[in-house]
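Working notes, structure below.
The values are calculated or read from the model by the stated rules, or taken from the named source; none is laboratory data. Keep in mind it's a predicted model, so treat the numbers as computed, not measured. Please note: Cβ atoms are built from the backbone with ideal geometry, for glycine as well, and neighbour counts cover all protein chains shown.
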Amino acid sequence: MHKTIIRRLLIMIPQLFAISVLMFAIAYNIPGDALTGLTENPAITYERIQEMRYELGLLDPWPMQYGRWISGIVLRGDFGFSITHSRPAIEVIGERASNTFQLALLTTVLTYAIALPLGIIAGRYNDKFIDRVIGVYTYLAMAMPTIVFALINLLIFGFRLQWFPIRGSVYINAVPGTFDFFLSRMHHMILPAITAALLATIGIIQYLRGEIIRYKSSDFVTTARSKGVPERKLYTRHIFRNALIPMASNIGFIIVGLLAGAIFIETIFSFPGMGRLFLDSITLRDFTTANALIMLFAALTAIGALLSDIILTIVDPRIRIK
Amino acid sequence: MRKRFLTLGVTTLLLASLVLSACGIGGGGQAAAGTEAVGMAAAMAALQERFPVEMPRQEGVGGTLNFALAITSPFAGMFNPAFSITADDGTINDFMFENLLHVNAGNMYGHNGPAWYEFDVEAGTITLHFHEDTAMYWHDGVPVTMYDLEFAVMTIAHPDTFSDRFGPAMNTSTILGVDEFRDGTRDYISGIRVFNDGRSLEYSFESIAPSMLFGGIWVRPIPRHRWEGIPFVEHRDHPYSRSDIVGNGAFMFSHTIPGEAVSLVANPNFWLGAPALDGINIAQIHTDLIGEALLIGEFDAVNFPTGILSDYEERFTNGTWVSTLDRRFDFLGFRFGFMDHDTQTFIPNPDTIINCIYLRRALGYARDDITPSTTIFGDTRFPLATTMIPWQGHFMREDMTGFSIFDLDLANQILDDAGYEWREGEPFRRHKDTGEFFEIVWAIHENATNPLLVPHHTQNWAAAGLNVVLYQGGLMEFNDRLETLTHDLDEGVIHIYDSAWLKGTNPNPRALWGVSAHNDTRYQSPRLDAILDAIDSELAWDEEWLIQQYHEWQLAVYEEAPWIPVTTGVMIWAVNNRVVNFSLERQDGIREISRDAWHLWDLTSPTAYTAN
């Protein structure tokens with residue numbers, strides 16, 4: 001398996017290279033650059049803006065700009081300087097990545113903590129009252145736009161009941177490194193994380209329910225049942241284990257998806273994460289940051305696929321990646 | 001001719017500008033011709049009645065004020081004045097950094113700041129002196145000197161820092177000797193001389209103009225003692241610019257959560273006296289949520305988005321709306337040609353239909369900005385009569401109505417007289433020269449309100465027989481619109497465009513409306529050029545004469561109509577009722593949030609009030 005993992009990692013290099021060329025070419029052809037917004041500022045002359053473009057190399061042909069950028073990444077690990085943020089793009093991303101990672105982790109934990117029991121219950125007691133209740137929840141969640149659900153939660157639990165903070169990632173006066181800081185961070189993340197998790201559970205619940213129903217009537221379960229295997233053991237040993245395998249394989253993709261950031265969640269809860277950063281980078285034409293983020297997301301997606309395969313082999317030893 | 005600057009003799013700056021004639025007919029005025037002309041005076045008077053200018057003045061109990069930045073994205077967090085460019089960072093910096101000169105009536109530099117100044121027209125110098133009794137210290141206890149101001153300019157001018165503050169707007173690029181400093185010939189700028197033990201600084205220029213006294217020189221110092229030994233190339237990304245800040249303002253940097261909040265504490269050594277507050281917490285919140293956040297007392301003060309004012313105006317029972325004039329200037333521009341960026345010249349387009357003055361005037365009169373000012377902007381915007389705004393004080397003409405009226409009859413009359421035939425049963429007029437139908441192509445960008453404005457205006461223009469269509473069939477993305485107009489990418493297709501400027505303290509219109517890339521109209525005329533030259537001339541040191549030139553400028557713009565002023569407005573501040581001494585009216589009469597008053601801000605309660 002080690003060889004396979006190394007091979008898969010090596011294949012990522014040409015994939016990422018192709019993505020980087022494509023992405024750079026597209027970005028170059030989008031009207032405007034990070035200095036375009038300055039043309040709205042009469043205190044800065046057009047000549048000065050052009051001078052800055054020249055100094056920053058923004059007037060060079062795109063292959064030349066690309067060469068400079070890619071060689072910076074390969075030779076020095078330098079993803080370029082964000083003009084909008086006046087600092088290296090990787091620093092800006094690093095700052096947000098920490099927030100996003102923590103939120104993603106909590107969301108993932110909550111998603112599975114909610115979805116697995118509900119999916120199992122719905123599958124085991126299919127067409128019973130409890131299944132119908134869970135069905136109503138999944139249909140509602142499916143129909144609910146993220147932005148609306150987030151606003152409703154914020155309105156009820158943030159503004160009306162005031163159980164959770166309405167914005168930000170931590171209290172301003174919390175001292176980093178202390179337990180209070182951790183508690184404050186958790187307090188700020190719970191509402192956005194639950195909001196995202198409740199919506200993210202739908203697919204898992206439905207899929208798990210379907211798998212369990214399928215396995216319930218499968219031959220090997222019927223055989224086990226006819227041999228007198230207790231019902232409880234039947235579920236824990238045979239049905240759930242098989243039904244959970246596809247779920248486990250999705251973890252990698254789910255984590256990657258959450259790391260890419262939840263733009264609506266981050267925006268509504270004023271939570272500075274990577275999703276919002278990506279959107280702002282495009283809007284403000286901060287292509288240095290946007291390109292670095294795209295490369296990061298592309299790498300994460302490839303790693304996520306690999307991770308899913310690895311998890312799959314751990315969960316089900318019959319499967320081997322080749 | 002060495003003289004100490006005297007404040008312009010107009011003391012009724014703002015009030016005078018507010019008392020505008022609702023339907024006055026001045027040199028450039030036009031009779032309302034039976035239309036509903038809503039003048040600026042009436043609108044502003046109503047605003048005065050609707051919102052106070054300050055919170056009660058009384059003693060408080062101190063505490064920490066929660067100040068909101070109602071914006072859609074995290075702030076950049078650049079707290080070095082030499083590099084910070086966003087308004088949000090600027091707002092935070094203003095609490096921490098103090099200018100050595102404050103502006104006075106008419107937005108000119110006054111003598112009421114930590115320093116005063118004098119100038120010598122013949123020598124081309126402007127000299128700043130600390131007041132004798134000014135004791136100003138950096139937050140680390142080191143005295144502020146003029147060497148710090150010199151260092152700020154050196155930071156801006158140094159080629160390694162890429163500061164966009166370098167340029168003619170703040171005259172950082174026109175100081176004598178700056179080129180030698182930039183090319184490395186000298187390690188100092190010879191046109192800056194610090195003397196009198198660091199209490200005085202002289203800027204030398206090739207020549208000086210009155211406009212330089214309207215926020216046209218750099219007056220914000222940077223603590224030189226901290227930066228010495230640190231290469232300029234490292235300044236932007238240094239912790240001293242982001243997370244370890246020492247300023248000279250009313251509040252001292254404590255700590256920050258990048259992009260979302262900054263904590264400031266009172267500076268006991270502030271030159272105007274220790275602030276009454278213990279500190280200020282500044283935090284970002286999404287624009288759409290600020291209204292609800294105010295109701296639960298999450299924030300004490302915020303520059304409130306006027307677009308959602310109507311939703312909260314009545315519900316904000318725990319606070320007060322305080323208003324101030326906005327620097328916003330919205331206009332309808334006409335495209336007359338192209339710009340050759342290499343030669344810095346305009347190239348007129350002789351074929352464009354917009355060359356016809358009658359068509360431009362008709363477009364102006366057939367545009368209704370009165371209705372949307374109420375229905376969309378909740379009376380926080382007003383139709384604008386001239387190309388200057390009330391915020392610019394006595395430079396704005398008070399005797400014009402310009403195109404601020406909505407008069408379809410007049411528009412139709414103008415077009416009929418000009419020969420734009422509108423035949424019975426036909427949807428639009430035919431061109432006066434070709435006899436063919438014609439389209440007027442309009443560039444306007446996407447935002448929250450423009451989708452509502454577009455059908456309103458096109459329908460009114462259609463009622464005058466004018467077929468106005470959107471460029472490429474829809475609203476433009478903001479940056480796309482900027483690039484298209486700045487670089488003439490439309491190749492003459494766009495005839496009209498909507499745009500806006502945030503006016504600066506300098507009223508000189510050359511940067512916006514002279515031969516400059518900022519001037520997307522590409523319009524130039526002997527009359528406008530002559531006035532611009534006059535404003536820049538030595539005669540302009542005569543105050544009355546200068547005011548005349550600005551009045552003549554506004555008349556000329558009305559008569560030639562290369563662009564049409566559309567609206568200006570007010571800013572609304574939402575302030576919790578526990579806040580006292582918060583004022584938008586300074587002693588010199590300017591209404592704006594003022595750095596020489598915020599050390600007086602105080603709180604009467606340890607917790608913010610919540611709405612009923």
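Can you go through B:F478, B:F382 and tell me which one is in contact with a His (Cβ under 6 Å, 6 or more places away or on another chain) and not acidic (D, E)?
Answer to the selection: B:F478.
So, in region B:516-531, of the ones that are more than 11 Å from chain A (Cβ to nearest Cβ) and touching a residue at least 24 places away in the same chain (Cβ under 8 Å), which residue ends up nearest to the chain's Cα centre (by Cα)?
Across region B:516-531, the extreme among qualifying residues is B:T521.
Give A:A302, A:A262 a once-over and let me know the one that is farther than 25 Å from A:I70 by Cβ, touching a helix residue (DSSP H, G or I) at 6+ places or on another chain (Cβ under 6 Å) and more than 14 Å from chain B (Cβ to nearest Cβ).
One residue alone meets the criteria, A:A262.
Would you confirm whether any residue within region B:214-225 is part of a helix (DSSP H, G or I) and either out of contact with any His (no Cβ under 9 Å at 6 or more places or on another chain) or in contact (Cβ under 8 Å) with a residue 60 or more places away in the chain (or both)?
yes
Could you look through region B:532-550, keep only residues that are free of Cβ contacts under 8 Å to residues at least 60 places away in the same chain and part of a helix (DSSP H, G or I), and pick out the one that is nearest to the other protein chains (Cβ to nearest Cβ)?
Top of the filtered list is B:L532.
Here are the criteria: (1) of a type in the set (A, V, I, L, M); (2) within 13 Å of another protein chain (Cβ to nearest Cβ); (3) more than 14 Å from A:A89 (Cα to Cα). Tell me which single one A:M274 does not satisfy.
For A:M274, the failing item is (3).
Could you tell me whether region A:169-192 includes any residue that is in contact (Cβ under 8 Å) with a residue 60 or more places away in the chain, touching a Phe, Trp or Tyr at 6+ places or on another chain (Cβ under 6 Å) and not in a helix (DSSP H, G or I)?
Yes: region A:169-192 contains one or more residues that are in contact (Cβ under 8 Å) with a residue 60 or more places away in the chain, touching a Phe, Trp or Tyr at 6+ places or on another chain (Cβ under 6 Å) and not in a helix (DSSP H, G or I).
Taking region B:105-125 as the search range and keeping residues that are touching an Asp or Glu at 6+ places or on another chain (Cβ under 8 Å) and within 27 Å of B:F79 (Cβ to Cβ), which one is modelled with the highest pLDDT?
B:P114
Among the numbered criteria (1) crowded, with 17+ Cβ neighbours inside 10 Å; (2) within 18 Å of A:I70 (Cα to Cα), which one does A:P14 miss?
(1)
Against the definition (within 14 Å of another protein chain (Cβ to nearest Cβ), assigned to a helix (DSSP H, G or I) and either in contact with a Lys or Arg (Cβ under 7 Å, 6 or more places away or on another chain) or within 30 Å of B:F75 (Cβ to Cβ) (or both)), how does A:S281 come out, yes or no?
When the stated conditions are applied, A:S281 passes them.
Would you mind stating whether A:A43 is at pLDDT below 85, more than 32 Å from the chain's Cα centre (by Cα), outside any helix (DSSP H, G or I) and within 13 Å of chain B (Cβ to nearest Cβ)?
In short, yes.
Here's the yes/no breakdown for (1) within 28 Å of the chain's Cα centre (by Cα); (2) part of a loop (DSSP other than H, G, I, E, B); (3) within 24 Å of B:A511 (Cβ to Cβ):
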position: B:I126; (1), (2), (3): yes, no, yes
position: B:E132; (1), (2), (3): no, yes, no
position: B:H139; (1), (2), (3): no, yes, no
position: B:D148; (1), (2), (3): yes, no, no
position: B:V153; (1), (2), (3): yes, no, yes
position: B:F162; (1), (2), (3): yes, yes, yes
position: B:G167; (1), (2), (3): yes, yes, yes
position: B:M170; (1), (2), (3): yes, yes, yes
position: B:S173; (1), (2), (3): yes, yes, yes
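Scan region A:112-145 residue by residue and report those that are crowded, with 17+ Cβ neighbours inside 10 Å and under 17 Å from A:E266 (Cβ atoms).
None; the set is empty.
Evaluate the following for B:P74: is it crowded, with 21+ Cβ neighbours inside 10 Å, touching a Gly at 6+ places or on another chain (Cβ under 9 Å) and within 21 Å of A:T283 (Cα to Cα)?
For B:P74, the condition - crowded, with 21+ Cβ neighbours inside 10 Å, touching a Gly at 6+ places or on another chain (Cβ under 9 Å) and within 21 Å of A:T283 (Cα to Cα) - is met.
Has region B:93-104 got at least one residue that is free of Cβ contacts under 8 Å to residues at least 12 places away in the same chain, of a type in the set (A, V, I, L, M) and either in contact with a strand residue (DSSP E or B) (Cβ under 9 Å, 6 or more places away or on another chain) or within 14 Å of chain A (Cβ to nearest Cβ) (or both)?
Scanning region B:93-104 turns up no residue that is free of Cβ contacts under 8 Å to residues at least 12 places away in the same chain, of a type in the set (A, V, I, L, M) and either in contact with a strand residue (DSSP E or B) (Cβ under 9 Å, 6 or more places away or on another chain) or within 14 Å of chain A (Cβ to nearest Cβ) (or both).
Residues that are of a type outside the set (D, E) and within 12 Å of chain B (Cβ to nearest Cβ): does region A:98-112 have at least one?
Yes, region A:98-112 contains a residue that is of a type outside the set (D, E) and within 12 Å of chain B (Cβ to nearest Cβ).
Here are some conditions: (1) of a type in the set (V, I, T); (2) more than 14 Å from every other protein chain (Cβ to nearest Cβ); (3) under 24 Å from B:F97 (Cα atoms); (4) in contact with a strand residue (DSSP E or B) (Cβ under 9 Å, 6 or more places away or on another chain). B:I217 meets all but one. Which one does it not meet?
So B:I217 meets the others, but not (2).
If you check B:G247 against the conditions, is it of a type outside the set (D, E, K, R), over 28 Å from the mean Cα position of the chain (by Cα) and either modelled with pLDDT of 95 or more or surrounded by fewer than 21 Cβ atoms within 10 Å (Cβ to Cβ) (or both)?
For B:G247, the condition - of a type outside the set (D, E, K, R), over 28 Å from the mean Cα position of the chain (by Cα) and either modelled with pLDDT of 95 or more or surrounded by fewer than 21 Cβ atoms within 10 Å (Cβ to Cβ) (or both) - is not met.
Which residues, counting only those in region A:91-129, are of a type in the set (D, E, K, R) and either touching a residue at least 40 places away in the same chain (Cβ under 8 Å) or part of a helix (DSSP H, G or I) (or both)?
If the condition is that a residue be of a type in the set (D, E, K, R) and either touching a residue at least 40 places away in the same chain (Cβ under 8 Å) or part of a helix (DSSP H, G or I) (or both), then A:E91, A:E95, A:R96, A:R124 are the ones that fit.
For B:I230, which of the numbered conditions (1) without any contact (Cβ under 8 Å) to a residue 40 or more places away in the chain; (2) under 22 Å from A:E51 (Cβ atoms) fails to hold?
(2)
Looking only at region B:488-515, how many residues end up being outside any helix (DSSP H, G or I), more than 9 Å from chain A (Cβ to nearest Cβ) and not charged (D, E, K, R)?
Count: 12.
Could you go through region B:224-235 and let me know if any residue there is farther than 20 Å from A:N173 by Cα, crowded, with 16+ Cβ neighbours inside 10 Å, at pLDDT 90 or above and of a type in the set (K, R).
yes
Does B:L466 satisfy the criteria of being at pLDDT 95 or above and surrounded by 18 or more Cβ atoms within 10 Å (Cβ to Cβ)?
yes
Starting from residues that are part of a helix (DSSP H, G or I) and more than 14 Å from A:S281 (Cα to Cα), keep the ones in region A:74-90 and report whichever is nearest to the other protein chains (Cβ to nearest Cβ).
A:R76
Which residue is nearest to B:M78 (Cα to Cα), if the candidates are limited to region B:259-278 and must be surrounded by 21 or more Cβ atoms within 10 Å (Cβ to Cβ) and within 14 Å of chain A (Cβ to nearest Cβ)?
For region B:259-278, the residue satisfying everything is B:G259.
Do we find that A:E55 is at the interface with another protein chain (Cβ under 8 Å from one of its Cβ atoms) and not in a loop (DSSP other than H, G, I, E, B) in this structure?
Yes.
Kindly evaluate A:R48 against the criterion of being within 20 Å of B:F232 (Cα to Cα), crowded, with 20+ Cβ neighbours inside 10 Å and not assigned by TED's automatic domain parsing to the domain that holds A:R185.
Spelling it out, A:R48 is indeed within 20 Å of B:F232 (Cα to Cα), crowded, with 20+ Cβ neighbours inside 10 Å and not assigned by TED's automatic domain parsing to the domain that holds A:R185.
What residue, of A:I239, A:I190, A:I205, A:I194, is at pLDDT 90 or above and crowded, with 19+ Cβ neighbours inside 10 Å?
The unique qualifying residue is A:I205.
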